[in-house]
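**Student:** Have a look at the structure that comes next, please.
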Amino acid sequence: MGQPLKALIIGAGSIGGLIDSPATNAIASHAHAYLVHPNTQLRAICEPYEPNVLAFIDKWGEVKRYTSIDDVSLDEQFDIASISSTTAHHFHDLMTLLQRTDCSYILCEKPLVSTEDELQILAKELHATDKKILVHLMRRYNPAFISLTSRIKNEEFGKSLSFQGVCTKGLLHNGSHLLEVLSHFFGTITTLESIHPNTVYDITLTAAQGTINVLTKCSYSLFELTLWFEKGVIKILDGGEKIEIYSKIPSPLYEGYFTLTLTETIATKLSHYALDSLNFLLHESHETCKEILNGHLDLHQIIFQTLQKEETV
């Protein structure tokens, strides 16, 4: 690339810039990713809440400040934008960016939208646009997770037997992260059935079947996943910061029996997820990004349909 891409952050709160700082090892905020990436330069933020603006500027330095994307003149051009506003504002912010001639690259926090009606309208616009767009998923673009996906699909661990996952903060929010990881590993989600409303779900994918639990009354964040295969077990722990691989071996005690032993531990550097997403958006092909976006639109549709069924029970 030539000149650095001029970046705009819509929503300068936690994930926009307040979750980390220039001195931290984590590169979790959009601001930090734009700071360290050699091809981007943060130029402006859209943020209505003055304390957030002051805290953001204190961390990341002076930038041009707008209250919302509606205040950004069409004459003011940006190359890339991050949407990290509240979920309720995602639809408006995305639709506005799609109608602008600038912002050829867009990163949007999950979930894309908060209602199925918004999804139906937005999906048509996203299918039609030439802009390069990704949903900001902290594990989907992580190199260690991408490598593990290849190993699973090449059946290094044998065929899938089952899986069990657990997360917090609802099916649409952290649940969408968990479902995205599973679909990355095992293909398209064909069914998502509520076993216990808002809590336990049975999931069938192209190459696997299992369950997830969504903890609704939990004061801490949790994301864990256990995958059982013919030749061993994979455990995704600490939100995805660590992956443990256990292999099938003959039992040291009982003839004809087999047990598991820990053979590999992978440190994923997941705390660099904002930089991972930015790198993926800028360097992967337009076709790959479009395929991932379309898959996530389908995933949103499945989630909304499942939540709607729960409301009628």
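**Student:** Working only within the range 173-194, note down all residues that are buried (at least 20 other Cβ atoms within 10 Å of the Cβ) and over 17 Å from the mean Cα position of the chain (by Cα).
**Tutor:** Across the range 173-194, the qualifying residue is only LEU192.
**Student:** Kindly list the number of the only condition in (1) under 30 Å from GLU116 (Cα atoms); (2) open to solvent by less than 50 Å² (accessible area, probe 1.4 Å) that fails for HIS37.
**Tutor:** It fails just one condition, (1).
**Student:** Among the candidates ALA44, ALA12, ALA33, which residue alone is among the small types (Gly, Ala, Ser) and part of a loop (DSSP other than H, G, I, E, B)? Full working, then the answer.
**Tutor:** Numbers: ALA44 fails: part of a loop (DSSP other than H, G, I, E, B); ALA33 fails: part of a loop (DSSP other than H, G, I, E, B).
Answer to the check: ALA12.
**Student:** May I pose another question? Pairs needed: first member in the range 121-144, of a type in the set (Gly, Ala, Ser); second member anywhere, open to solvent by less than 40 Å² (accessible area, probe 1.4 Å); C-beta distance under 6 Å; at least 6 residues apart or different chains.
**Tutor:** These pairs meet every condition: ALA123/LEU297; ALA144/ILE266; ALA144/THR268.
**Student:** Note down all Cβ pairs under 9 Å where the first residue falls in the range 66-88 and is free of Cβ contacts under 8 Å to residues at least 60 places away in the same chain, the second is polar (S, T, N, Q) and open to solvent by 60 Å² or more (accessible area, probe 1.4 Å), and they're at least six residues apart or on different chains.
**Tutor:** LEU74/THR101
**Student:** Residues that are in contact with a Phe, Trp or Tyr (Cβ under 6 Å, 6 or more places away or on another chain) and either open to solvent by 20 Å² or more (accessible area, probe 1.4 Å) or of a type in the set (Gly, Ala, Ser) (or both), at least 2 per element: which helices (runs of 4 or more DSSP H) completely within the range 54-172 meet that? Before the answer, list the steps.
**Tutor:** Details: elements: 87-99, 116-128, 143-153.
Passing ranges, in order: 116-128.
**Student:** PHE91: of a type in the set (Phe, Trp, Tyr), touching a helix residue (DSSP H, G or I) at 6+ places or on another chain (Cβ under 8 Å) and within 30 Å of GLU311 (Cβ to Cβ), yes or no? Lay out the reasoning, then the answer.
**Tutor:** On the way: of a type in the set (Phe, Trp, Tyr): yes; touching a helix residue (DSSP H, G or I) at 6+ places or on another chain (Cβ under 8 Å): yes; within 30 Å of GLU311 (Cβ to Cβ): yes.
Yes.
**Student:** If a residue must be open to solvent by 10 Å² or more (accessible area, probe 1.4 Å) and assigned to a helix (DSSP H, G or I), how many such residues does the range 265-277 contain?
**Tutor:** The qualifying residues number 5.
**Student:** Evaluate the following for ASP298: is it among the acidic types (Asp, Glu), at pLDDT 95 or above, touching a Phe, Trp or Tyr at 6+ places or on another chain (Cβ under 7 Å) and in a helix (DSSP H, G or I)? Steps first, please.
**Tutor:** Details: among the acidic types (Asp, Glu): yes; at pLDDT 95 or above: yes; touching a Phe, Trp or Tyr at 6+ places or on another chain (Cβ under 7 Å): no; in a helix (DSSP H, G or I): yes.
Spelling it out, it is not the case that ASP298 is among the acidic types (Asp, Glu), at pLDDT 95 or above, touching a Phe, Trp or Tyr at 6+ places or on another chain (Cβ under 7 Å) and in a helix (DSSP H, G or I).
**Student:** Looking at (1) within 18 Å of the chain's Cα centre (by Cα); (2) open to solvent by less than 30 Å² (accessible area, probe 1.4 Å), can you tell me which one CYS46 breaks?
**Tutor:** (1)
**Student:** What number goes with the only condition from (1) open to solvent by 80 Å² or more (accessible area, probe 1.4 Å); (2) in contact (Cβ under 8 Å) with a residue 24 or more places away in the chain that GLU311 does not pass?
**Tutor:** The one condition GLU311 does not meet is (2).
**Student:** Ok, one more. Search the range 19-34 for residues being surrounded by fewer than 18 Cβ atoms within 10 Å (Cβ to Cβ) and of a type in the set (A, V, I, L, M), and hand back the single one that is farthest from LEU54 (Cα to Cα). Working first, answer last.
**Tutor:** The first filter runs over the range 19-34 and keeps only residues surrounded by fewer than 18 Cβ atoms within 10 Å (Cβ to Cβ), leaving 19, 21-26.
Now drop any that are not of a type in the set (A, V, I, L, M), which leaves 19, 23, 26.
Details: ILE19: 14, ALA23: 18, ALA26: 21 Å.
Out of the qualifying residues, it is ALA26.
**Student:** Residues in the range 200-238 that are in contact with a Phe, Trp or Tyr (Cβ under 6 Å, 6 or more places away or on another chain) and either modelled with pLDDT under 95 or open to solvent by less than 40 Å² (accessible area, probe 1.4 Å) (or both): how many?
**Tutor:** Matching residues across the range 200-238 total 8.
**Student:** Also, quick follow-up: Of all residues in the range 278-287, which are assigned to a helix (DSSP H, G or I) and either within 15 Å of the chain's Cα centre (by Cα) or surrounded by 13 or more Cβ atoms within 10 Å (Cβ to Cβ) (or both)?
**Tutor:** Here is the first cut: in the range 278-287, the residues assigned to a helix (DSSP H, G or I) are 278-283, 286-287.
Residues satisfying the conditions are LEU278, ASN279, PHE280, LEU281, LEU282.
**Student:** Can you run down the residue pairs with Cβ atoms below 9 Å, 6 or more apart or on separate chains, where the first is in the range 277-293 and touching a residue at least 24 places away in the same chain (Cβ under 8 Å) and the partner is of a type in the set (Gly, Ala, Ser) and in a helix (DSSP H, G or I)?
**Tutor:** Final answer for the pair search is SER277/ALA33; LEU278/ALA33; ASN279/ALA33.
**Student:** Criterion first (open to solvent by 40 Å² or more (accessible area, probe 1.4 Å), in contact with an Asp or Glu (Cβ under 9 Å, 6 or more places away or on another chain) and either modelled with pLDDT under 95 or among the basic types (Lys, Arg) (or both)) does LYS242 satisfy it?
**Tutor:** On the way: open to solvent by 40 Å² or more (accessible area, probe 1.4 Å): yes; in contact with an Asp or Glu (Cβ under 9 Å, 6 or more places away or on another chain): no; either modelled with pLDDT under 95 or among the basic types (Lys, Arg) (or both): yes.
No.
**Student:** Being surrounded by fewer than 16 Cβ atoms within 10 Å (Cβ to Cβ) and in contact (Cβ under 8 Å) with a residue 24 or more places away in the chain: is that true of PRO197 here?
**Tutor:** Numbers: surrounded by fewer than 16 Cβ atoms within 10 Å (Cβ to Cβ): yes; in contact (Cβ under 8 Å) with a residue 24 or more places away in the chain: yes.
In short, yes.
The values are calculated or read from the model by the stated rules, or taken from the named source; none is laboratory data. This one's a predicted model, so the numbers in the text were calculated from it and none came from an experiment. Counting neighbours? That spans all protein chains shown, and the Cβs are built from the backbone with ideal geometry, glycine included. Areas reflect the complete protein model, heavy atoms only, side chains present, ligands, DNA and RNA absent. Shrake-Rupley method; radii C 1.70, N 1.55, O 1.52, S 1.80 Å.
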